[in-house]
Amino acid sequence: MSEQTDTTQPLVVADHLGRNYPMRQGLLGRQHDIWAVRDVSLTIARGETVGIVGESGCGKSTLGRMMMGLESPTTGTMTFEGRDLTGLSSAERRKLSQRMQMVFQDPFGSLDPRRSIGAQIADGLRTHNIVPTSEVKAEVARLLEQVGLPASAAQRRPHEFSGGQRQRIAVARALSTKPDFIVADEPVSALDVSIQAQVVNLLMDLRRDLDLAMLFISHDLHVVRHLCTRIAVMYLGRVVEEGPAEKVFGTPAHPYTRALLAATPSLHPKDPEDSSRVLPGELPSPANPPSGCPFRTRCPIAEEACASAVPPLDPVGDNWRAACIKAGPLTREAAA
């Protein structure tokens, strides 16, 4: 971790990020753009975990890759400690990659089956000269023990471990470069519930002990509520609500957030039989999004005005925003 830190400023800043992909309809069809992410602004401070939630196809992973610098935004900027990640030279990007690491959904797919896990953890130590060569073996052992695995595991290959153990190995490898920022993209979705809890508790401990900034991407609201300090809810490439976890889960200000919570009754016990909160239909195609509010075609409280313009993310409380013309009344209703 960097020795000189400024805790008064956000570590990571996404400013109006957007990402589109050109697509052609048919062999001779006209090319048009499909927006995976539109106009997303987020900040993440040291020691903070921001959760990104939403249905599959809403742009969560694309946003995570842009915030890691793995994809260049079509619009907007992404900065790390005030440095714009776009336009960096290969040497600058390599140096910065030491401080920004990613944990993927499938740990087996991200590990080389032919090499021992100790050798793979050592790659980051050697590439970035984290410790002297003579101390690499000891540092690998320390990292394994830090994530709850014995030092003797270093000699074994990925197929010899369970899914939860492999994800711990992936976390150890990410920690090997002493990062300040980690993006975890659905890191527990493929694990059994009991194993999920172990990995999530590990991430919580590491965030606290190492003062890590973390972007945690998931569709599992149970996990997000347990781990994250702040939540951003995405729908069709846009953030529709963003704020402190206790506010977003306790008194949701956007009807989409309410619908997601209603699908997980244990997280939102009020009015469990209120069918108006159940999310109907499917996510619209990004190639042909609705006019105005992107959620209006599935919204139980939509009105004519919702079709006229995309609602901005307006404040509904301290550090809490929602993109809905009825956000104020919804918040008061949920709090009642």
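Looking across segment 169-191, the residues that are open to solvent by less than 40 Å² (accessible area, probe 1.4 Å) and either at positive phi or acidic (Asp, Glu) (or both) come down to ASP180, ASP185, GLU186. Any residue that is over 14 Å from the mean Cα position of the chain (by Cα), outside any strand (DSSP E or B), closer than 18 Å to ALA323 by Cα and of a type in the set (A, V, I, L, M) - is there at least one of those in segment 235-242? Yes, segment 235-242 contains at least one residue that is over 14 Å from the mean Cα position of the chain (by Cα), outside any strand (DSSP E or B), closer than 18 Å to ALA323 by Cα and of a type in the set (A, V, I, L, M).
Considering segment 124-138, and only residues there that are open to solvent by less than 60 Å² (accessible area, probe 1.4 Å) and without any contact (Cβ under 8 Å) to a residue 40 or more places away in the chain, the residue that is farthest from ALA172 (Cα to Cα) turns out to be VAL131. Note on segment 17-52: among residues that are at pLDDT 85 or above and of a type in the set (S, T, N, Q), the one that is least open to solvent (accessible area, probe 1.4 Å) is THR49.
For (1) part of a helix (DSSP H, G or I); (2) open to solvent by 20 Å² or more (accessible area, probe 1.4 Å); (3) farther than 28 Å from GLN196 by Cβ, each residue gets a yes or a no:
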position: LEU63; (1), (2), (3): yes, no, no
position: PRO73; (1), (2), (3): no, yes, yes
position: ALA91; (1), (2), (3): yes, yes, yes
position: ASP112; (1), (2), (3): no, yes, no
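Put simply, of ALA141, ALA151 the only residue that is more than 18 Å from LEU215 (Cβ to Cβ), over 19 Å from the mean Cα position of the chain (by Cα) and surrounded by fewer than 17 Cβ atoms within 10 Å (Cβ to Cβ) is ALA151. Can you find even one residue in segment 192-200 that is modelled with pLDDT of 90 or more, surrounded by fewer than 23 Cβ atoms within 10 Å (Cβ to Cβ) and in a loop (DSSP other than H, G, I, E, B)? Looking through segment 192-200, none of the residues is modelled with pLDDT of 90 or more, surrounded by fewer than 23 Cβ atoms within 10 Å (Cβ to Cβ) and in a loop (DSSP other than H, G, I, E, B).
The values are calculated or read from the model by the stated rules, or taken from the named source; none is laboratory data. Quick caveat, the model's predicted, so the values are computed rather than measured. Backbone-built Cβ (ideal geometry, glycine too); neighbour counts: all protein chains shown. When the accessible area is computed, the model is the full protein with side chains, heavy atoms only, and any ligands, DNA or RNA have been set aside. Shrake-Rupley method; radii C 1.70, N 1.55, O 1.52, S 1.80 Å.
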